[in-house]
Amino acid sequence: MFYVNDQYYDASFIASCHRQFKQHALLNDAKGLRLTVRVDNSELWLALCLYAQQHDISLFPLPADTPIAAARRRAERSGSHYLLCGGESVLELLNSFESVARDQNKRERDTNAVLVQMSSGTTGEPKYIERTWKSIDTELDSYVKHFSDADSMTPVVACPLSHSYGLICGALAAFKRGREPHLIANLNPKYILRKLRSVEQGILYSSPVLISTLAMMLSEDQPLYAVMSSGTLMHTQCFDRVKNKVRFFYQQYGCSEVGCIALGTGLHSPNDVGKVLPHLSVSAGTDVSQAAEIVVKRGDGSEVLSRDLGYFDKRGHLFFLSRIDDMINVSGLNVYPAEVEEVVLAMPEISDAAVFKRAHSFANEQVCLQYQSKVHLDDEKIRTWCREKLAAYQVPMHIQRVDKIERMANGKLSRKKLSEALL
């Protein structure tokens, strides 16, 4: 049914877990309960996830390294009835639950069971997002139909199953196809490469950061079979490197409220995220100069405002440009941070860069830059380099060299936090 690292788990393992769940006083009658779950092994989480889908139980998964105090806090804020913390065995999980809501006996159970996810928090406090298991099943049907290339591929999932990318697109989509996914808990790059070489037509589901690391370890005459990237955009240099190191390069785009929105291959640039999945309707700008907010309409007629700027090209591919909150307004002209970062990273001395904004005057902002380099660079040298390749309003005004650019656990930048730290 699936592997975790090198250990295989068949359907009998899932059946055994489910029998134990059915015998437990809580889970035997948990329909509509909302459970926050922190477990440190993938096989137990998957068994519980499949059980929850079948028995209308709501789940809120947390990363395994979440401190217990933080787990309790998140469980309370997500409206959960119980917090489940588990180790290596089913019994440990089932005997470790505790109530985390003062009024859990009064709180009504969920009418429609949901999967709870937290937004990335790149532009503010993370939000608790609820998606029904039914809506997730609709996404899976559409995802598998849209991405038929993967029907013959073996998924190698090197990203957290507590996040919808790894859980839904990696593991559950594989089950929907009848494939046996390889779930990687050992994130040593050498181990992942060995695993990818050992499976037939392997497709790696991972983050741009890890994919970039693997690409630097590969030679062009021994490319990987397939790679799927998601979560944040690659810089152009990294994008081009990966394209030369894999036979099939895919990228997808989505949000916590909807799941996967678009996916594609034949990608022309890092911000090309392919075509929209068939169960969704999406509006955006008509070209890069007329970018507009990406708005998603679901099958039930409800709309989700993504807070992302994008546009469609003539092929019908969706292009993501920037978070609306990250865009920089310089005298009425829009500056997209990724475009400036691409130019700065082309400087041989610079290994990493982050562009963000600082309020300058009423309705006007400045372009700010943090960069990593082994040597100190004169600010004017960086600006001169930028002036040769960017418009004057795009050139960074405030420049700061740092030892390391702070990123979130998922590899994303919080430009809001960088801006606040500067102030």
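Test of understanding: what is the full-extension gain from Ala25 to Asn112, defined as 0.36 nm times their sequence separation minus their Cα-Cα distance? Intermediate values should be presented prior to the final figure.
On the way: separation 87, 0.36 × 87 = 31.32 nm, distance 2.15 nm.
Contour length minus Cα-Cα distance gives 29.2 nm.
Please report, in debye to the nearest 20, how large the charge dipole of the chain is about its Cα centre when each Lys and Arg carries +1 at its beta carbon and each Asp and Glu carries -1 there.
Value, rounded to 20: 280 debye.
Using packing as a proxy for protection, rank 4-15, 246-257 so that the peptide with the highest average count of other Cβ atoms within 10 Å comes first.
Numbers: 4-15: 13.2, 246-257: 20.2.
Going from most to least packed, we get 246-257, 4-15.
For Lys145, project a label point 7 Å along Cα to C-beta. Then give me every residue of the stretch 276-319 with its amide nitrogen under 17 Å of that point.
Correct set: 276-282, 297-301.
Choose one of Leu413, Gln394, Phe320: the residue whose Cα lies farthest towards the positive end of the charge dipole of the stretch 294-423 (beta-carbon charges +1 Lys, Arg; -1 Asp, Glu; about the Cα centre).
Comparing the listed Cα positions along the dipole, Phe320 ranks first.
Pick out, from Ala354, His18, Leu140, the residue whose Cα sits farthest towards the positive end of the charge dipole of the chain, with +1 on the Cβ of Lys and Arg and -1 on the Cβ of Asp and Glu.
It is His18, whose Cα lies furthest towards the positive end.
Hey, which lysines would be in cross-link range of Lys22, C-alpha to C-alpha under 27 Å, not counting anything within fewer than 8 residues on its own chain?
Lys31, Lys106, Lys134, Lys176
Within 10 Å, count the other beta carbons around each residue, average over each peptide in 136-148, 369-381, 260-272, and list them highest first.
So the peptides 136-148, 369-381, 260-272, ranked by packing, come out 260-272, 136-148, 369-381.
Take the alpha carbon atoms of the stretch 121-183, find their center, do the same for the stretch 339-411, and report the distance between the two centers in whole angstrom.
So the separation of the two Cα centres works out to 35 Å.
Is the C-alpha gyration tensor of the stretch 285-332 telling us rounded, prolate or oblate? Criteria: a/c under 1.5 is rounded; beyond that, a/b larger than b/c is prolate, otherwise oblate.
Since a/c reaches 1.5 but b/c is at least a/b, the shape of the stretch 285-332 is classed as oblate.
Per 0.36 nm of contour for each residue apart, how much would the distance between Leu333 and Ser269 grow if the chain were fully extended, relative to their Cα-Cα spacing?
Extending this stretch completely gives an extra 20.8 nm.
Which residues' amide hydrogens lie under 5 Å from the amide hydrogen of Gly274, considering only partners 5 or more residues apart or on another chain, with H built in the peptide plane?
When sequence neighbours closer than 5 places are left aside, the close amide H contacts are Leu318.
Please report, in debye to the nearest 20, how large the charge dipole of the stretch 3-76 is about its Cα centre when each Lys and Arg carries +1 at its beta carbon and each Asp and Glu carries -1 there.
Numbers: 8 positive and 8 negative charges, 77 e Å.
That gives the stretch 3-76 a dipole magnitude of about 360 debye.
Rounded to the nearest 500, what is the 222 nm mean residue ellipticity of the chain from helices alone, with -39500 (n - 2.57) per DSSP H run of 4+ residues and division by all residues? Please list the in-between numbers first.
Working: 12 runs with 113 residues, N = 423.
So the calculated ellipticity at 222 nm is -7500 deg cm²/dmol.
Starting from the amide H of Asp352, placed 1.01 Å from N in the peptide plane, find each other amide H under 5 Å away whose residue is 5 or more places distant or on another chain.
Gln372
Check Gly32: other-chain or 5+ apart residues with amide H under 5 Å from its amide H, H built from backbone geometry?
The answer is Ile57, Ser58.
Compute the relative contact order of the chain as a whole-number percentage, counting only Cα pairs closer than 8 Å that sit 6 or more residues apart in sequence.
10 percent
Counting Lys and Arg as +1 and Asp and Glu as -1, each charge on the Cβ, what is the dipole of the stretch 362-423 about the Cα centre in debye, to the nearest 20?
Working: 12 positive and 8 negative charges, 58 e Å.
That gives the stretch 362-423 a dipole magnitude of about 280 debye.
Quote the FRET efficiency, to the nearest 0.05, computed for Ser16 versus Glu293 with a Förster distance R0 of 56 Å and r equal to the Cβ-Cβ distance.
Efficiency computed from Cβ-Cβ geometry: 0.70.
Can you give the FRET efficiency for Ser281 and Lys381, using 1/(1 + (r/R0)^6), R0 = 51 Å, r = Cβ-Cβ distance, to the nearest 0.05? Numbers along the way, then the final one.
Working: r = 48 Å, r/R0 = 0.94.
Step by step, r from the Cβ atoms, then E = 0.60.
Residues of the stretch 361-398 with the amide nitrogen closer than 12 Å to a label point 7 Å from the Cα of Ala421, along Cα-to-Cβ, please.
370-372
Values quoted throughout were computed directly from the atomic coordinates according to the rules given, and no laboratory measurement underlies them. Quick caveat, the model's predicted, so the values are computed rather than measured. Using ideal geometry, Cβ is built from the backbone for each residue, glycine included, and neighbour counts are taken over all protein chains shown.
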